[in-house]
Amino acid sequence: MQLVLERRAERSTVVAIASPLIAIALTLVTIGILFAIIGKSPIEALRVYFVEPLTDPYPFFLQQEIAVKATPLVMIAVGLSLCYIANIWNIGAEGQFLVGAVCGSWLAVKTNGTDVGHWVLPVMLILGALGGAIYGLIPALCRVYFGASEILTSLMLVYVANLGLDYMVRGPWRDPHGLNFPTTAAFDPAASIGTLFEGPGRLHAGSIIALVVVMLGAVMLGRTLMGFQIRLVGAAPRAARFSGFDTNKLVLFTFAVSGALAGLAGIVEVAGPIGHLDPGVASGYGFTAIIVAFLGRLNPIGILFAGLFLALTFIGGEGAQIALKVPLDLTKVFQGILLFYVLACDSLIAYRVRLLRTARKVAPANA
Amino acid sequence: MKKLNIIAVLAVLVLGVMTFGAVHAADKLKVGFIYVGPVGDLGYTYQHEVGRRALQKALNDKVETTYLENVPEGADAERAIEQLARAGNKLIFTTSFGFMDATVKVAAKYPNVFFEHATGFKRAKNLATYAARFYEGRYIQGQIAGKMTKSNIIGYIVSFPIPEVISGINATMLGAQSVNPNVKFKIIWVNSWFDPGKEADAAKALIDQGADILTQHTDSPAAMQIAEQRGIHAFGQSSDMIKFGPHAQLTADTDYWGNYYIDRAKLVLDGKWKSDDTWDGLDKGMVVMAPYTNMPDDVKAMAKKTEEAIRTHALHPFKCPIVDQNGKTVECKGGDRLDNGQILSMNWYVKGIDDKVPGQ
C-alpha cells in the first residue's frame, strides 16, 4: 500500500482563490485549540493577534509599524521572486542587504557632522543599491564562468558580509564618542529618512519606495520581454534556449536586480528606523524574505500582501506576549502552522492524494 | 466529509465556549523587560529573568511584570519598547547594550514612563543606566588562577573587544599577577556572545596550547564541559555553571539583578525615582561569586579575603600604579585608582598580556 500525489486534470478557479483563505481559516482553528489547551481564551488571543494591530485608533501606531516591518521584506522578496521564477536560486539576500547597508552608510559616516546638503540621502540610496547589486553579481559570475552552484556561493557570502560589517563598525567607522562600543555615530538628519507623520508612528518614505518596487516588478514580469524571458526560462528552459534566450545573461540580470533591491532595503532600514550602523542590523530579513516570496506566490502583488501579513503576525505576536503573557515560541509555532497549511492547501488543489492498495497493480491500458 | 464537518463544528464550539475577558489589575505598577536572548539561554538573559522573577515575588501585590524575549537589536527594538510603554508599563528595563538608541528615542516620546538601560551610557531625565562591576569578580578569579595554575598559562575565551570585556581581561591579569608574576594569557576571540560550538573549539585549542585553567567572557557552558572532560579547571560566566563542571568549576562571576530591580520598582512606587547611573558590584550584591569549589583551603581563604576586601572597598582591582602593555604608566584619574570613565572606555591591555586589542 502506498500514498501517491497525482496531478489533477483541471484546477477550479474558485478553489484556487479560496485556497489561502481556507489555509488561514484552518490556522485560526488550530491556533485557537492550542490557546485553549494552555488555558487562554482563543477569541481574546485572535483579537490580540489580528484585530488589535489593524484597528489601532489614530495615530495608527500599529498599522504604521506593520508597514515599517513589511517594507524591507517586500523589497527583498520582489527581487528574489524574479530569480526564483527563472529557477535561479539567490539564497544570499541577507548578505546583499548588509553590503547595501554598509555601502550606503559609508557616505553617512564620511559626512557626519558636516553640513553638506540634501543630496546625501539620495546618493546613499544609490550606493546601497549599487553595493547590493555588485555583491549579488559575485555568485552570478561564479556560476556563469565556473559553474559554481549559486545556492552555496550566495549563502556563504552572507557570512563574509556579516564579518565585513562587524569589522567596519568595530574598526574604522566606530563612533569616536561611543566609548569604544561597536557602532557608528547616529546619522545626521540629511542622511536619514524621516518619518512621514508627526507623533509616535515610524512610517517612512521607504514604504513608498517598496510600493513603487512592487508596481515596477509587476509591470516588468507581466508586460516586458525581460519578464517573459524570466517566466519562459523558469517554465520551459529548453524552449527558452531554442528561442535564443541567453540563460547566463538572465542569471546576471536577476542576481543584479535582486541584489540591488536587497541592498536598497538595507540602506533604507539603516537610514530609516535604525539611524546608525551596528552589528544588530543583521537580523535575518534576507532569509525571512524567502518565505515572503513563496507565500506571495512569486507574484509582486501577492508578495505585498504576504509581507504585510507576516509583519502582522510579528506585531500581533508581540502584543500577545504583552497582553496574554504567552511565550514568543507560540508566535513561531503560529507562523509555522500558517506556512504548513498554505503549502498543504496549495498542494491539495494541484494534486489529489490517492491510496494505492497494491503497488504492483497495472493500470488498464485503455484508461 | 461528515467527519470533517464534526471536527469543524467542535472547533467552533471550543472557540465559542472559551471566551472570557482578560482581567486587569488597575492599581499595580506595570514593569516591562526587553531581553536580547531567549529566557532559557542559561546565561545573560536568564540572569535578568531571575531578577524579574525576584521582583515579581518580592512585590507581588504591587507590581505586574511583563517581558519580551529574543528582541533583535535592529529596527524591531524601538517598536518592542514602545509596545511595552503603550501597554501601560511605567518602568521599563531594556537589558542589552544594543537597545541604547532605541531606548533613547522611546524615552523621549514617553516622558511619563521611566526607562532603565543596562550597560549603556546615554541618559535622560526619564532614562537611567545600570551595569554591574563584573571586573571585581574577575580580579578574584585571576588570583585563584594565579595560585592554581601549574603551567602558568591561563586560557581566555572572549566575545567582542568592548570595554567591559577588555577591563575583565585586565582585572583577571592584575589579580593573577598579584600572586604569581609569571602568569601568561592565551586569548581567543570567538566574535559571539553565544556560540557553544565555537566556544568549545576555542577551549580545546587553548588546552592543547598548554592552558590548565580556562576563563571566558561568553555565555554558554560549553567551555566548562570541555574543562570537565579534560580534567582541568575553569570559571563559570554570568550564571553558576557547576552543573556542567562539578569537578572543574572553581567559582563563577555571576550577575544578580534582583535587588536592583526591586529597589527601582520601590522608588517608582514611592514617587522617588530619578535618573541615575548605577554601577554596583559585590558591595550591593549585583555581582555574586558562586561557591568556591575544587580548590585547596588556603586558596579558598585567599579568595574569600579578597572578596571581602573588594566588597568593603578596601581593595580596588584597578588600584594604581598600573602599567600598560607598552610599559607606560597609566594616568590615575580616580586618585589612587582608575576612575569609572577610564574603566568604562578601556581599550588597552595592562603589562604582561602579549595579545593585541582587535581593531586598535
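The values are calculated or read from the model by the stated rules, or taken from the named source; none is laboratory data. As the structure is a computational prediction, the values presented were derived from the model and not from experiment. No Cβ is skipped: glycine too gets one built from the backbone with ideal geometry, and neighbour counts run over all protein chains shown.
Of all residues in the range A:162-184, which are assigned to a loop (DSSP other than H, G, I, E, B) and of a type in the set (S, T, N, Q)? Reasoning before the result, please.
Just the residues of the range A:162-184 that are assigned to a loop (DSSP other than H, G, I, E, B), to begin with: A:171-184.
Passing the criteria: A:180, A:183, A:184.
Does the range B:233-249 contain at least one residue that is of a type in the set (Phe, Trp, Tyr), within 15 Å of residue B:50 (Cβ to Cβ) and buried (at least 16 other Cβ atoms within 10 Å of the Cβ)?
Looking only at the range B:233-249, we keep the residues that are of a type in the set (Phe, Trp, Tyr), and these are B:235, B:244.
Checking the rest, the ones that are also within 15 Å of residue B:50 (Cβ to Cβ) come to none.
Checked the range B:233-249: no residue is of a type in the set (Phe, Trp, Tyr), within 15 Å of residue B:50 (Cβ to Cβ) and buried (at least 16 other Cβ atoms within 10 Å of the Cβ).
Among (1) more than 14 Å from chain A (Cβ to nearest Cβ); (2) free of Cβ contacts under 8 Å to residues at least 60 places away in the same chain; (3) outside any helix (DSSP H, G or I); (4) not charged (D, E, K, R), which single condition is residue B:142 missing?
(3)
Any idea which of A:122, A:72 is within 17 Å of residue A:209 (Cβ to Cβ), free of Cβ contacts under 8 Å to residues at least 12 places away in the same chain and of a type outside the set (D, E, K, R)?
Going through A:122, A:72 in turn, just one is within 17 Å of residue A:209 (Cβ to Cβ), free of Cβ contacts under 8 Å to residues at least 12 places away in the same chain and of a type outside the set (D, E, K, R): A:122.
I want to confirm something. Restricting to the range B:48-76 and keeping residues that are aliphatic (A, V, I, L, M) and facing chain A (nearest Cβ under 8 Å), which single residue is farthest from residue B:35 (Cα to Cα)? Can you show your working first?
Filtering the range B:48-76 down to residues aliphatic (A, V, I, L, M) leaves B:50, B:54-55, B:58-59, B:63, B:68, B:71, B:75.
With facing chain A (nearest Cβ under 8 Å) added as a condition, the list becomes B:68, B:75.
Working: B:68: 6, B:75: 15 Å.
Selected residue: B:75.
Yes or no: residue A:119 closer than 23 Å to residue B:73 by Cβ, at pLDDT 90 or above and over 25 Å from the mean Cα position of the chain (by Cα)?
On the way: closer than 23 Å to residue B:73 by Cβ: no; at pLDDT 90 or above: yes; over 25 Å from the mean Cα position of the chain (by Cα): yes.
No; evaluated as a whole, the condition is false for this residue.
When residues of the range A:272-286 are filtered for being more than 9 Å from every other protein chain (Cβ to nearest Cβ) and under 23 Å from residue A:211 (Cβ atoms), how many remain? Please lay out each step first, then the result.
Pass one, the range A:272-286, residues more than 9 Å from every other protein chain (Cβ to nearest Cβ): A:277, A:286.
From what is left, the residues that are under 23 Å from residue A:211 (Cβ atoms) are A:286.
Looking only at that region, the number is 1.
Quick check on this structure: which one of A:89, A:106 is part of a loop (DSSP other than H, G, I, E, B) and surrounded by fewer than 24 Cβ atoms within 10 Å (Cβ to Cβ)?
A:89
What pairs come out if I take residues in the range B:276-297 that are modelled with pLDDT under 95 and pair them with residues that are among the polar types (S, T, N, Q) and loosely packed, with under 15 Cβ neighbours inside 10 Å whose C-beta lies under 7 Å away, six or more apart or interchain?
If the second residue must be among the polar types (S, T, N, Q) and loosely packed, with under 15 Cβ neighbours inside 10 Å, the pairs left are B:279/B:340.
What is the residue count in the range B:285-302 for residues that are surrounded by 16 or more Cβ atoms within 10 Å (Cβ to Cβ), part of a loop (DSSP other than H, G, I, E, B) and within 15 Å of the chain's Cα centre (by Cα)?
The total comes to 2.
Give the residue that is farthest from the chain's Cα centre (by Cα), with candidates limited to residues of the range A:146-201 that are away from chain B (no Cβ under 14 Å) and β-branched (Val, Ile, Thr).
If we take residues in the range A:146-201 being away from chain B (no Cβ under 14 Å) and β-branched (Val, Ile, Thr), then A:153 is farthest from the chain's Cα centre (by Cα).
Answer yes or no: is there a residue in the range B:120-131 that is within 11 Å of chain A (Cβ to nearest Cβ), more than 29 Å from residue A:332 (Cα to Cα) and either buried (at least 23 other Cβ atoms within 10 Å of the Cβ) or not aromatic (Phe, Trp, Tyr) (or both). Explain how you work it out, then say what you get.
We begin by selecting, within the range B:120-131, every residue within 11 Å of chain A (Cβ to nearest Cβ); these are B:120-122.
Within this subset, residues satisfying the condition of being more than 29 Å from residue A:332 (Cα to Cα) are B:120-122.
Keeping just the survivors that are either buried (at least 23 other Cβ atoms within 10 Å of the Cβ) or not aromatic (Phe, Trp, Tyr) (or both) gives B:120, B:122.
Yes, because at least one residue in the range B:120-131 is within 11 Å of chain A (Cβ to nearest Cβ), more than 29 Å from residue A:332 (Cα to Cα) and either buried (at least 23 other Cβ atoms within 10 Å of the Cβ) or not aromatic (Phe, Trp, Tyr) (or both).
Considering only the range A:22-47, how many residues are at the interface with chain B (Cβ under 9 Å from one of its Cβ atoms) and under 15 Å from residue A:316 (Cα atoms)?
Residues meeting the conditions: 7.
Only one residue in B:253, B:219, B:280 is under 17 Å from the mean Cα position of the chain (by Cα) and either within 22 Å of residue B:295 (Cα to Cα) or among the basic types (Lys, Arg) (or both), so which one is that?
Values: B:219 fails: either within 22 Å of residue B:295 (Cα to Cα) or among the basic types (Lys, Arg) (or both); B:280 fails: either within 22 Å of residue B:295 (Cα to Cα) or among the basic types (Lys, Arg) (or both).
Residue meeting the stated conditions: B:253.
Of everything in the range A:209-226 that's over 14 Å from residue A:261 (Cβ atoms) and out of contact with any helix residue (DSSP H, G or I) (no Cβ under 7 Å at 6 or more places or on another chain), which residue is modelled with the highest pLDDT?
Only one residue fits best here, namely A:219.
Do we have any residue at all in the range B:253-271 that's acidic (Asp, Glu), crowded, with 19+ Cβ neighbours inside 10 Å and in contact with a helix residue (DSSP H, G or I) (Cβ under 8 Å, 6 or more places away or on another chain)? I'd like the intermediate steps shown before the answer.
Taking the range B:253-271 as the starting set, the residues that turn out to be acidic (Asp, Glu) are B:253, B:255, B:263, B:270.
Then drop every residue that is not crowded, with 19+ Cβ neighbours inside 10 Å, which leaves B:253, B:255.
From what's left, in contact with a helix residue (DSSP H, G or I) (Cβ under 8 Å, 6 or more places away or on another chain): B:253, B:255.
Yes, the conditions are met somewhere in the range B:253-271.
How many of the residues in the range A:244-271 are closer than 28 Å to residue A:172 by Cβ, among the hydrophobic types (A, V, I, L, M, F, W, C) and either surrounded by 24 or more Cβ atoms within 10 Å (Cβ to Cβ) or within 14 Å of another protein chain (Cβ to nearest Cβ) (or both)? Explain how you work it out, then say what you get.
Our first condition is that a residue be closer than 28 Å to residue A:172 by Cβ; within the range A:244-271, this holds for A:256, A:259-271.
Next cut, among the hydrophobic types (A, V, I, L, M, F, W, C) only: A:256, A:260-262, A:264-265, A:267-268, A:270-271.
Among the residues that remain, those that are also either surrounded by 24 or more Cβ atoms within 10 Å (Cβ to Cβ) or within 14 Å of another protein chain (Cβ to nearest Cβ) (or both) are: A:260-262, A:264-265, A:267-268, A:270-271.
Within the range A:244-271, residues that are closer than 28 Å to residue A:172 by Cβ, among the hydrophobic types (A, V, I, L, M, F, W, C) and either surrounded by 24 or more Cβ atoms within 10 Å (Cβ to Cβ) or within 14 Å of another protein chain (Cβ to nearest Cβ) (or both) number 9.
It is to be established whether one or more residues within the range B:93-110 are assigned to a loop (DSSP other than H, G, I, E, B), over 24 Å from the mean Cα position of the chain (by Cα) and on the phi < 0 side of the Ramachandran plot.
We begin by selecting, within the range B:93-110, every residue assigned to a loop (DSSP other than H, G, I, E, B); these are B:95-96, B:110.
Now restrict to residues that are over 24 Å from the mean Cα position of the chain (by Cα): B:110.
Checking which are on the phi < 0 side of the Ramachandran plot leaves us with B:110.
Yes, the range B:93-110 contains a residue that is assigned to a loop (DSSP other than H, G, I, E, B), over 24 Å from the mean Cα position of the chain (by Cα) and on the phi < 0 side of the Ramachandran plot.
Just a yes or no: is a residue in the range B:89-97 within 28 Å of residue A:332 (Cβ to Cβ), within 14 Å of another protein chain (Cβ to nearest Cβ) and free of Cβ contacts under 8 Å to residues at least 12 places away in the same chain?
No, there is no match, as no residue in the range B:89-97 is within 28 Å of residue A:332 (Cβ to Cβ), within 14 Å of another protein chain (Cβ to nearest Cβ) and free of Cβ contacts under 8 Å to residues at least 12 places away in the same chain.
Return yes or no: is residue A:65 away from chain B (no Cβ under 13 Å) and either more than 30 Å from residue A:260 (Cα to Cα) or in contact (Cβ under 8 Å) with a residue 60 or more places away in the chain (or both)? So that I can check it myself, show each step before the final result.
Values: away from chain B (no Cβ under 13 Å): no; either more than 30 Å from residue A:260 (Cα to Cα) or in contact (Cβ under 8 Å) with a residue 60 or more places away in the chain (or both): yes.
It is false that residue A:65 is away from chain B (no Cβ under 13 Å) and either more than 30 Å from residue A:260 (Cα to Cα) or in contact (Cβ under 8 Å) with a residue 60 or more places away in the chain (or both).
Out of (1) over 16 Å from the mean Cα position of the chain (by Cα); (2) under 30 Å from residue A:168 (Cα atoms), what's the single condition that is false for residue B:164?
Evaluating residue B:164 over (1) over 16 Å from the mean Cα position of the chain (by Cα); (2) under 30 Å from residue A:168 (Cα atoms) leaves (1) as the failure.
Please verify whether residue A:311 is in contact with a Lys or Arg (Cβ under 6 Å, 6 or more places away or on another chain), more than 27 Å from residue A:153 (Cβ to Cβ) and within 14 Å of chain B (Cβ to nearest Cβ), treating the condition exactly as stated.
Numbers: in contact with a Lys or Arg (Cβ under 6 Å, 6 or more places away or on another chain): yes; more than 27 Å from residue A:153 (Cβ to Cβ): yes; within 14 Å of chain B (Cβ to nearest Cβ): yes.
Yes, satisfied.
Confirm whether residue B:37 is within 22 Å of residue A:181 (Cβ to Cβ), more than 9 Å from every other protein chain (Cβ to nearest Cβ) and either touching a residue at least 24 places away in the same chain (Cβ under 8 Å) or in contact with a strand residue (DSSP E or B) (Cβ under 7 Å, 6 or more places away or on another chain) (or both).
Values: within 22 Å of residue A:181 (Cβ to Cβ): yes; more than 9 Å from every other protein chain (Cβ to nearest Cβ): yes; either touching a residue at least 24 places away in the same chain (Cβ under 8 Å) or in contact with a strand residue (DSSP E or B) (Cβ under 7 Å, 6 or more places away or on another chain) (or both): yes.
It is true that residue B:37 is within 22 Å of residue A:181 (Cβ to Cβ), more than 9 Å from every other protein chain (Cβ to nearest Cβ) and either touching a residue at least 24 places away in the same chain (Cβ under 8 Å) or in contact with a strand residue (DSSP E or B) (Cβ under 7 Å, 6 or more places away or on another chain) (or both).
Considering only the range A:54-68, I want to know if a residue exists there that is assigned to a helix (DSSP H, G or I), among the aliphatic types (A, V, I, L, M) and surrounded by fewer than 18 Cβ atoms within 10 Å (Cβ to Cβ). First the steps, then the outcome.
Step one: filter the range A:54-68 for residues assigned to a helix (DSSP H, G or I), giving A:54-55, A:61-68.
Next, only the ones that are among the aliphatic types (A, V, I, L, M) stay: A:54, A:62, A:66-68.
Within this subset, residues satisfying the condition of being surrounded by fewer than 18 Cβ atoms within 10 Å (Cβ to Cβ) are A:54.
Scanning the range A:54-68, I find at least one residue that is assigned to a helix (DSSP H, G or I), among the aliphatic types (A, V, I, L, M) and surrounded by fewer than 18 Cβ atoms within 10 Å (Cβ to Cβ), so the answer is yes.
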